[in-house]
Amino acid sequence: MILTAKFSGKQADYLKFGSGAKPFVIIPGLSLPDVLRSADAIESAYSVFSEDYTVYLFDRIKNPPEGYTLSEMAEDTAASIKAAGIENACVFGTSQGGMIALLIAARHPGLVSKLVTGSTAAKSDEKITSVIGTWVTLAEEKNIPALAEHTAEYVFSPDTLKTAKEMIVSFSSDVSDDEVSTFAVLARACLDFDFSAELENIACPSLIIGCEGDRIMPPDASSYIANHINGAQLFMYGAEYGHAVYDETPEYKKRLLEFFGR
C-alpha cells in the first residue's frame, strides 16, 4: 500500500508491505520514472522479507526545490521515517539512496539498527560528475529518449542490456515533464558533495556493497566508505554486474537478509 508521510509542510509518499515485527527501510536511488510506479515489482522483488519484516520504501519529498541538497534529502527522509512511526530499522540504501542512508545513520542513530548501502559514494569525483552531469543536461533539455538510453547504458550491465534493454528504455521513456524536472533537481545534488567526514559518526553494524563493473560509482568508493566506518564489512561484486547489481542478481537480496538477520 502507498501512504503519505506529512511533516513541516512537506509530503513524501512511501510504500509499505509485509507483516513482520521488524522494520526494514529501503531508500532507492535516482529513478527517471517515479519509483513508486514500480510498487508491485518492488514488492515482488523483496517478497523474501515479507514474513519477518514490515518493509517500507521512501520516495523523496514531493516538489523538491531547486538547489535541493543531499543533506536536505537526508533530513527530509529521516522526518518521513519518523512520521511513519519507525525507529531502530534495518536500512538499505542504493546509489543516491545509499548517500542518504549514510547521512541518516550518522545523524539519526536511533532510526537505524543495521545499515547496508549499495553502489554508492560519500563524495563526488570526476566519474560521478561526468555521468550524472550528462543526465542533468539531458533532463534540462527534456531530451527524454536520449536520457532513457544513457541511463540504461550506465546503470545496467551489458548482459542485462542484451536481454532487457528495449524494455528498460521503453519504461524510462514513459515519463512526464514533472518527473523529468524532479529527476534533474535530484540529480544535481550528486554533482558536488562530500560528507566523508561524517562516516566516523556511524556506529551501527554496517555492510557496504560495491561492484567492480559499476560505471557510475567508482568501485573504490565502496572500500573508502567501509574503511571509514568502524567495524564495517565490505563485499564487492565482480565486473560481470553493473551499477544496478542490486536488481541484477537474486543473491543480493539473500545477502541483505542474512546480514540483517544476524
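Laboratory data are not the source of any read-out in this text; all were calculated from the coordinates shown. Not measured: the values here are computed from a predicted model. Because the Cβ atoms are built from the backbone with ideal geometry, glycine has one as well, and the counts that use them run over all protein chains shown.
Each Lys or Arg adds one and each Asp or Glu subtracts one; over the other residues with Cβ under 9 Å from the Cβ of Ala106, this totals -1.
In the stretch 120-168, which trypsin sites (Lys or Arg not before Pro) fall in coil by DSSP and have 14 or fewer other Cβ atoms within 10 Å?
Lys142
Choose one of Pro145, Leu161, Ser176: the residue whose Cα lies farthest towards the positive end of the charge dipole of the stretch 125-179 (beta-carbon charges +1 Lys, Arg; -1 Asp, Glu; about the Cα centre). Ranked along the dipole, the leading option is Leu161.
Taking amide H as placed 1.01 Å from N in the peptide plane, the amide H of Tyr237 sits under 5 Å from that of Gly210, Cys211, Glu212, each at least 5 places away or on another chain. For the stretch 1-107, applying the loop criterion from DSSP together with a ceiling of 15 other beta carbons within 10 Å to the GluC sites (Glu not before Pro) yields Glu51, Glu66, Glu87. Simple rule: put +1 on each Lys or Arg Cβ and -1 on each Asp or Glu Cβ in the stretch 1-95, find the dipole, and look at Phe49, Tyr14, Thr4; the Cα lying farthest toward the positive end is Thr4. Does the stretch 122-193 come out rounded, prolate or oblate by the C-alpha gyration tensor, with a ≥ b ≥ c the root eigenvalues, rounded set by a/c under 1.5 and, if not, prolate when a/b is larger than b/c and oblate if not? Oblate shape, in that a/c is at least 1.5 and b/c is the bigger or equal ratio. Using the Karplus relation 6.51 cos²θ - 1.76 cosθ + 1.60 with θ = phi - 60°, the per-residue 3J(HN,Hα) values for the stretch 43-60 come to 4, 5, 5, 10, 4, 4, 8, 5, 7, 9, 10, 9, 9, 10, 10, 9, 7, 6 Hz, with x marking Gly and Pro.
So if I place +1 on the C-beta of Lys and Arg and -1 on the C-beta of Asp and Glu, and nothing else carries charge, what would the dipole magnitude of the stretch 144-234 be about its Cα centre? I want it in debye, nearest 20.
For the stretch 144-234, the charge dipole is close to 200 debye.
If you sort the three axes of the alpha carbon gyration tensor as a ≥ b ≥ c, you get a/c under 1.5 for the stretch 1-131, which makes it rounded.
Looking at the stretch 189-261, which trypsin sites (Lys or Arg not before Pro) are DSSP coil and have at most 15 other C-beta atoms within 10 Å of their C-beta?
Values: sites: Arg215, Lys253, Lys254, Arg255; in loops: Arg215.
Filter output for the stretch 189-261: Arg215.
Backbone phi angles across the stretch 3-8, fed through the Karplus curve with coefficients 6.51, -1.76 and 1.60 (θ = phi - 60°), yield HN-Hα couplings of 10, 10, 8, 10, 6, 6 Hz in residue order; Gly and Pro are listed as x. The count of lysine pairs in the chain whose Cα atoms are under 21 Å apart, excluding pairs fewer than 8 places apart on the same chain, comes to 20.
Here semi-axes √(5λ) of the Cα gyration tensor in Å was calculated from the structure, and among (1) 25, 21, 19; (2) 36, 20, 15; (3) 30, 20, 18 it sits at label (1).
Residues whose amide H lies under 5 Å from that of Ala89, counting only those 5 or more places away or on a different chain, are Val112, Ser113; hydrogens are built 1.01 Å from N in the peptide plane.
Only one residue of Ala221, Ala79, Gly29 has its Cα farthest out toward the positive end of the dipole of the chain, where Lys and Arg carry +1 and Asp and Glu -1 on Cβ, and that residue is Ala79. Shown for the chain are the DSSP H helices of 18 Å or more along their axis, judged by Cα atoms, with a mean Kyte-Doolittle hydropathy of at least -1.0: 70-83, 126-140, 158-173. Of all alpha-carbon pairs in the stretch 75-126, indicate the percentage at a distance above 12 angstrom. When every Cα pair of the stretch 75-126 is considered, 60 percent fall beyond 12 Å.
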